[in-house]
Every structure is written in structure tokens, then in C-alpha cells.
């Protein structure tokens with residue numbers, strides 16, 4: 001094999017696919033990136049058997065061929081090359097020579113024939129949304145997936161299609177994040193659970209361009225994202241997601257409208273009093289025109305007031321301040337509306353159209 005391409009194209013391609021290289025594996029071939037120039041284009045592929053990424057880069061193929069190169073070493077080599085044309089040559093013993101200006105690396109690769117290619121996905125059932133929309137939806141939900149495997153289903157996000165609406169839901173058991181997106185077309189009903197790792201990596205690759213689309217294809221066991229010159233294939237998580245419709249339809253007796261930035265800044269100040277590892281509640285005392293925020297810890301105490309618009313009953317309730325902050329950070333509205341029932345029921349932060357909904361369970365506290 002002998003190919004030539006710019007360092008910028010090569011580095012972008014290697015960076016993109018390296019997100020599917022496993023950090024730990026017993027199969028050394030999975031620690032590699034496949035460089036395939038055997039079919040008229042230069043394709044880079046990585047695959048950890050759960051998530052696979054393939055991207056096509058611009059370049060010249062002088063001699064066709066294929067080789068698997070250690071991903072970590074390959075990425076670092078390309079990163080440190082001069083900003084110029086890069087030539088990659090291989091021989092029959094799978095030795096690769098990487099040359100750029102006066103720099104030359106020699107590394108031993110592996111046979112490309114041993115590499116685990118991405119599964120072939122039938123491109124039939126699909127939806128189309130902009131790269132910007134998909135990246136925003138992931139950003140606004142990914143923070144509330146579970147980060148452990150006690151319940152694998154909660155380590156993923158529900159993608160539910162109902163006619164012309166895509167609903168994306170995440171939950172770690174203590175909170176729920178939900179985003180609704182209006183699609184351009186009507187599609188058959190579909191429910192799948194997409195691994196959080198897949199969505200996190202896709203969000204890093206997406207350009208976020210409103211004028212560029214992502215085509216998403218579904219099968220019973222896989223989901224495929226196709227955008228620019230990149231294909232991402234992921235296994236789905238099997239099982240049934242939480243039934244959240246009844247939870248999200250709960251009544252409320254207190255409704256608060258508050259400036260998001262002021263609320264966010266106050267919560268941020270309260271976290272200064274929490275040592276790492278401590279779990280101290282932020283207490284909200286909701287009155288007619290003001291909300292009192294109170295925090296008490298071994299470090300000190302905070303008492304602050306924020307002007308609000310309130311409908312309904314007075315209420316005192318406690319929350320993990322991090323959970324409130326996580327939701328507020330991803331809301332772009334200037335004001336937010338919070339709906340509450342009592343001190344032991346979850347609160348809801350949602351907009352009038354319910355394009356987003358954030359449910360947060362309260363915590364018990366001692367009255368300060």
C-alpha cells in the first residue's frame with residue numbers, strides 16, 4: 001500500500017475513529033485502526049465490537065492495500081508530524097513507513113484481513129435531523145444517564161419516534177431528562193435504547209452545523225449514524241425502558257417562575273460550602289414573591305433570596321444542588337418554570353411547549 005494525504009485530513013480521520021478504540025481489550029487487533037486503500041478510497045475504521053466508527057478521508061492512492069496500525073501510536077505519530085503531505089507505505093511483512101518532510105516513522109502493523117469490520121446494516125428505516133439538533137439533544141440529556149452497570153438500561157438513552165416527533169429520554173433513577181424534537185417527516189413508531197457512550201462520542205464528532213444532516217438508521221440490534229464522510233454503528237441496549245409517561249404527568253400545587261441565570265449563580269455559590277464527597281441539600285423556601293435558598297455545612301452557611309413569580313402554595317423543599325445545576329446549564333431560556341407538589345414529590349422544570357422536561361427527586365433535610 002502507498003497513499004498520500006494532508007496531515008490535517010489524516011489527523012482528523014484518526015481522531016474521529018479512535019473514539020471507538022477500546023481502552024482495555026484481550027484482542028490486540030481491536031487496539032488498531034484499519035487503514036484501507038483497497039477499494040478506491042482511503043477509509044479509516046475502529047471497532048470495539050459495541051461501537052464502530054468508519055470515516056473516509058481525501059488523499060491519493062498510489063498503490064492499493066490494507067493494514068491495521070496500533071491506534072495509540074499511530075495517533076501520536078500523526079499528531080507530531082509537520083503540517084504537510086504525509087505518505088504511508090507498507091510492505092509484505094506489514095511494516096509501515098510514515099513520512100512527512102524530513103520526519104520518518106517505521107512501525108509494525110497487523111494484517112488488515114484479521115480486523116473486525118463494522119456490521120452490515122440494512123439502510124431502510126431511518127430518520128433525518130440536523131447535526132446541530134442531534135448534538136444539542138445529546139448535550140441536554142446525556143448528563144443524567146447512570147454511570148454504573150447495576151441497571152444497564154439506564155446507561156443508555158431512549159430514542160422514541162412517534163409520527164413526526166422524536167423523544168429522547170435519560171435517567172439515573174433520581175432524575176429524568178427529556179427532549180422532544182419535531183421531525184420534518186412522519187415515521188413509523190420506534191423505540192430503541194442507545195448506549196450513552198455512543199452518544200457521547202458522536203457529540204464530539206458532530207460539527208454542529210445547522211445545514212448538515214445526520215441520517216439515523218435502525219435495526220433490531222443496531223443503530224447507525226451517517227453524516228459527512230463518517231459512519232457510526234452501535235449495538236443497542238436490549239430491554240424495556242422505564243415507563244415515564246405517568247410520572248411526567250403528575251399534578252402540581254406550586255408553580256414558580258424564576259430568572260435562570262440568577263438561580264444558577266446562587267446554586268453555584270452554595271456549592272462552595274460543600275466538601276468533595278459530601279452530600280448536602282440546598283433548601284428552597286418558596287414564599288409569595290421571593291425564594292429563600294439555604295445551605296448549611298461544616299464549612300459554613302449560606303442564606304440568599306431571589307425574586308420569583310409564584311402561583312399556589314408556599315413550600316419548603318431540598319435538592320442535591322448538582323442535579324439542579326446540571327439541568328439549568330443546558331436550558332437556553334432566560335426564565336425557567338418550576339412545578340412542585342410537596343416536599344417529598346419530584347419537581348419539574350419544563351417549558352410551556354414541553355420541548356424539554358427535567359424531573360428531579362427531592363432529598364430529606366433538617367430545617368435550618
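The values are calculated or read from the model by the stated rules, or taken from the named source; none is laboratory data. For clarity, every value in this text was computed on a predicted model and none was experimentally measured. Glycine also receives a Cβ, built like all others from the backbone with ideal geometry; neighbour counts cover every protein chain displayed.
A compact table of results
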{"quantity": "Residue within region 107-130 that is at pLDDT 95 or above, out of contact with any strand residue (DSSP E or B) (no Cβ under 9 Å at 6 or more places or on another chain) and assigned by TED's automatic domain parsing to the domain that holds residue 227 present", "calculated": "no"}
{"quantity": "Residue count, region 338-351 (criterion: surrounded by fewer than 17 Cβ atoms within 10 Å (Cβ to Cβ) and closer than 15 Å to residue 178 by Cβ)", "calculated": "1"}
{"quantity": "Unique match (being loosely packed, with under 13 Cβ neighbours inside 10 Å and either modelled with pLDDT under 95 or within 30 Å of the chain's Cα centre (by Cα) (or both)) among 301, 297", "calculated": "301"}
{"quantity": "Residue within region 250-261 that is touching a helix residue (DSSP H, G or I) at 6+ places or on another chain (Cβ under 8 Å), under 18 Å from residue 140 (Cα atoms), outside any strand (DSSP E or B) and free of Cβ contacts under 8 Å to residues at least 60 places away in the same chain present", "calculated": "no"}
{"quantity": "Residues of region 123-149 satisfying the condition of being over 19 Å from residue 161 (Cα atoms) and either part of a loop (DSSP other than H, G, I, E, B) or over 20 Å from the mean Cα position of the chain (by Cα) (or both)", "calculated": "145, 146, 147, 148, 149"}
{"quantity": "Residue list for region 262-280, filter: surrounded by fewer than 20 Cβ atoms within 10 Å (Cβ to Cβ), at negative phi and not in a helix (DSSP H, G or I)", "calculated": "274, 275, 276, 278, 279"}
{"quantity": "Qualifying residue in region 292-306 (condition: over 26 Å from residue 246 (Cβ atoms), out of contact with any strand residue (DSSP E or B) (no Cβ under 6 Å at 6 or more places or on another chain) and assigned to a strand (DSSP E or B))", "calculated": "yes"}
{"quantity": "Of all residues in region 150-163 being within 17 Å of residue 242 (Cβ to Cβ) and part of a strand (DSSP E or B), the one that is farthest from the chain's Cα centre (by Cα)", "calculated": "162"}
{"quantity": "Close pairs (6 angstrom Cβ cut-off, 6 or more residues apart or separate chains): free of Cβ contacts under 8 Å to residues at least 40 places away in the same chain in region 180-195, surrounded by fewer than 18 Cβ atoms within 10 Å (Cβ to Cβ) and in a strand (DSSP E or B) anywhere", "calculated": "186/163; 186/164; 189/162"}
{"quantity": "Where a residue in region 66-80 is more than 12 Å from residue 32 (Cα to Cα) and its partner, wherever it lies, is at pLDDT 95 or above and in a helix (DSSP H, G or I), with Cβ under 6 Å and at least six apart", "calculated": "78/10; 78/11; 78/14"}
{"quantity": "Among the candidates 225, 218, residue that is more than 17 Å from residue 153 (Cβ to Cβ), at pLDDT below 95, touching a strand residue (DSSP E or B) at 6+ places or on another chain (Cβ under 8 Å) and buried (at least 18 other Cβ atoms within 10 Å of the Cβ)", "calculated": "218"}
{"quantity": "Verdict on residue 308 being under 23 Å from residue 168 (Cα atoms) and crowded, with 18+ Cβ neighbours inside 10 Å", "calculated": "no"}
{"quantity": "Tally of residues being surrounded by 15 or more Cβ atoms within 10 Å (Cβ to Cβ) and closer than 21 Å to residue 2 by Cα across region 108-144", "calculated": "4"}
{"quantity": "Failed item in (1) in contact with a helix residue (DSSP H, G or I) (Cβ under 7 Å, 6 or more places away or on another chain); (2) under 28 Å from residue 49 (Cα atoms), with residue 181 passing the rest", "calculated": "(2)"}
{"quantity": "Residue that is farthest from residue 108 (Cα to Cα), among those in region 21-35 that are touching a helix residue (DSSP H, G or I) at 6+ places or on another chain (Cβ under 7 Å) and surrounded by 15 or more Cβ atoms within 10 Å (Cβ to Cβ)", "calculated": "22"}
